[in-house]
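Engineer: Mind having a look at this structure? Questions to follow.
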Amino acid sequence: MRFETFFRASSYAAVACGALALAVTGGAGIVLSALFAAVMAAAWALEGTRWQLPERAGLVVVLLAVPAFYLDWQYLQAGGSGEVRAGVAALVHLTFFLSAVKLLQVKTDRDWLFLYLIAFFEVLLAAGLSVSPFYVGALIFYLFCALTSAICFELRKARRAAPERETRVVFAEGDSRRRLFGVRRRPRARALRRIPLAAAFLLLLIFSFALPIFFITPRFGDSAFSYAGEQATGFVGFSDKVSLGDVASLQRSDRLVMRVRVGGTGSGGYLRWRGVTLDRFDGRTWRRSSNESTLLLGGGRELFQFGTTEHLNRLTEQTFFVEPLDTPVMFAASRAVAVRGALDFVRVYSEGGALTTRRGAGERMSYRVYSDTVSPPADVLRADNRRRSPAATDAALANYLQLPPALDPRVAELARRVVADAGARNDYDRARAVEAHLNRNEFGGSYSYALEGLPGGSDPLADFLFRARAGHCEYFSTTMAVMLRSLGVPARVVNGFQMGEYNAAADAYFVRQHDAHSWVEVYFPAADAWVEFDPTPVAGRPGSAQAAGWGARLRQLGEAFELFWIQYVVAYDREEQRTLAGSIRRGLGSYREALVRAGERLQSALSSAWAGGDEPEAGGRQTPSRASFIWPLLLAAAAVAAFLVARVVRRRRAGRAGQARDEAAGASASAVVFYERMTRALAARGHARAADQTPLEFAAALNSPEARRVTDAYNRVRYGERNLTTAETADIEKYLAELEREVV
């Protein structure tokens, strides 16, 4: 490959990487990207032809692009795009247009620099459009191509500045050829291959210096990170008013909602991510009866504590990476006691303990929650059968015992019959009996899960229980809560998400919209605990099943890398910095301990071998110890290693010496010199070559057969790029010797 072709290819690749960065982050659509790729292909084919756009015409088109950008922006805004989104789209169109114009025109060094700057701007613009890990791949590819282009650009300028010299390689064979020919290396394919290697080395060096600086630099921003490339998910079912059927609209989508990492020692069981708690039901709609809350301001603090726990080992730590949602709700496992995160504030609602914070459309959030997920044992809850006085019930639990004014009497009758058939004598067993009736098809129950053909009418709850007998989680949780309340058992409904699909490669749960769920919490006064119950049948319930096969494994690896990118690059804050530092410290400590133990074992083995000595066998005969075998082996190994090192050093020195000889030979004669020998010999005879004479004209004027043959050979070597044979070399040497003899 010629150097100019290599330079052009690397420059085109750098420009393509800028467009690729916008394509993978959603800044450029498929049609626009395909059109730009076609323009690049056409520009490559037209390079060096008369069909390229003249430089002046290209300048005029570039100047006209400025008002076109403003018109494009106004048009996009008029089409319904927001001001920011329209501005970003117009910038993408402008950069693609400018790149296309510059690619199609005749290019000077200034034009190549302009193309490099546009590609760099496109990469920066793409960085603000997405947090996808695919962007980092495009970024690395761009850096590699940009470094390669920069190296080639400088080499290209240096070559033009250097005087034109002979660059063809002729390998000397014998003294006569060394006298006749100068040796100068020409950039070959191997030399061109060194440029990408140099670029790769520089890229590795940049990342080696940049990554430690990135991870150790103090963080002063928050852990929330904006995302301008997507709109927030339209969420229902997570407000202070939820109608039956709202959650079903979420469960029809597989869109990712959040990623959750779980740690701590509190609970190793199944968790649900609570969103909102609702306590008042009018027959169709659930509401939160009170908006009384406690506001905890950030003020530079990272830990918002609003509860307590009996012991730290009861806490379960959850790290949430939540996608853009248009709801201020924060998700957490049951009985959250603290939140850690650089947030403006956290609002804790008195009714149900729901959490909210400031949220904006198009904004991802990252935070950590600590929950006391240890529930009282079943025997403790069965013993908790204490009933409060009516006055106390009205004052403290009235909202959790409220029933719709027009409740169908068959609901309460069914609840009493289910409890009686189960032989339940305490609130815990009553709750389990109703739960089993709905989700396990026990005690006469036969209900199924459905997202279509939902119950309706004037009383959807009675329609679900006695006619349709099919519905989604909201119908099951509502039915259980109302049935328990009819029995005097305090209960409420919780809307949130199931635990999600576990990704072993990421060690995290990926929660999607179809994991949206509704369940019941029952209150036990003596234990002062709200306990979760889930009456929805597991069979047919939408959820995240574990996929198998290579495709699923590759998908999990991709998701794991995406989570790593978000956690340690996009949402990397002071808390993550401390966590990463602790992990590195623990890892280094374990390696250090392992090395110390290995050293101690080796020292002990060597000491035992050295102290073994020659021990007498039975009968008084001496036996050699292990040390007598170990030391000769060690000495032999050392000798072999010294020999190998010396051989490598000797070869390297010989190689450097040969290279120096070749370079000296090339420097001493950078052009074909046998013609110069002839001209010097003829000048000594009074036949000097005039400045305006060509070699052939000079030979014709001399009327010398020897001079004509030497001139023909010179033209073949100098301009015909031919190597002379051994016989031709001997003939030329004979002609030159004859001419030089005549001079003497």
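The values are calculated or read from the model by the stated rules, or taken from the named source; none is laboratory data. Here the structure is a predicted model, which is why all the values come from computation and not from measurement. Glycine gets a Cβ as well: all are built from the backbone with ideal geometry, and neighbour counts include every protein chain shown. The area values use the complete protein model at the heavy-atom level, side chains included, leaving out ligands, DNA and RNA. Shrake-Rupley method; radii C 1.70, N 1.55, O 1.52, S 1.80 Å.
Engineer: With a point put 7 Å past each Cα toward its Cβ, work out how far residue 605 is from residue 345 in nm, to one decimal.
Structural biologist: With each label placed 7 Å out from Cα toward Cβ, I get 6.6 nm.
Engineer: For residue 373, what residues show an amide H to amide H distance below 5 Å, using hydrogens built from the backbone and excluding near sequence neighbours?
Structural biologist: 316
Engineer: Give me the distance in nm between label points sitting 7 Å out from Cα along the Cα-to-Cβ direction at residue 402 and residue 467, one decimal.
Structural biologist: It works out to 2.7 nm between the two label points.
Engineer: Could you tell me the distance between the Cα centroids of segment 401-473 and segment 703-734, to the nearest Å?
Structural biologist: Here the two parts' Cα centres lie 108 Å apart.
Engineer: Counting only protein heavy atoms and a 1.4 Å probe, tell me what percentage of segment 392-506's accessible area is made up of carbon and sulfur.
Structural biologist: Numbers: 1990 of 4200 Å².
Exposed carbon and sulfur together represent 47 percent of the surface.
Engineer: Going by accessible area, probe 1.4 Å, with all protein chains left in place, what is the ranking of 563, 244, largest first?
Structural biologist: Putting 563, 244 in descending order of accessible area: 244, 563.
Engineer: Quick check: at a probe of 1.4 Å, how many percent of the accessible area of segment 1-74 sits on carbon and sulfur atoms?
Structural biologist: Working: 3080 of 4190 Å².
That fraction is 74 percent.
Engineer: Please give the FRET efficiency for residue 74 paired with residue 124, using the beta carbon to beta carbon distance and R0 = 22 Å, rounded to the nearest 0.05. Don't skip to the end; give the middle numbers.
Structural biologist: Working: r = 24 Å, r/R0 = 1.10.
Calculated transfer efficiency: 0.35.
Engineer: Counting only protein chains, not ligands or nucleic acids, how are 144, 201, 321 ordered by accessible area (probe 1.4 Å), most first?
Structural biologist: Sorted by accessible area, descending: 201, 144, 321.
Engineer: Cut-off under 18 Å on the C-alpha distance; same-chain residues fewer than 8 positions from residue 157 excluded. Which lysines are left, in chain and number order?
Structural biologist: 107
Engineer: If you don't mind, another one. Starting from 0.36 nm per residue, how many nanometres of slack lie between residue 202 and residue 154 once their C-alpha separation is accounted for? Working shown, then result.
Structural biologist: Numbers: separation 48, 0.36 × 48 = 17.28 nm, distance 1.55 nm.
In short, 15.7 nm is gained.
Engineer: Suppose each label sits 7 Å from its Cα in the direction of the beta carbon; what would the residue 35-residue 594 distance come out to in nanometres?
Structural biologist: 5.6
Engineer: Calculate the FRET efficiency for residue 326 and residue 293 from the Cβ-Cβ distance with a Förster distance of 25 Å, rounded to the nearest 0.05. Write out the running numbers ahead of the final one.
Structural biologist: Values: r = 20 Å, r/R0 = 0.80.
Once the sixth-power term is evaluated, E becomes 0.80.
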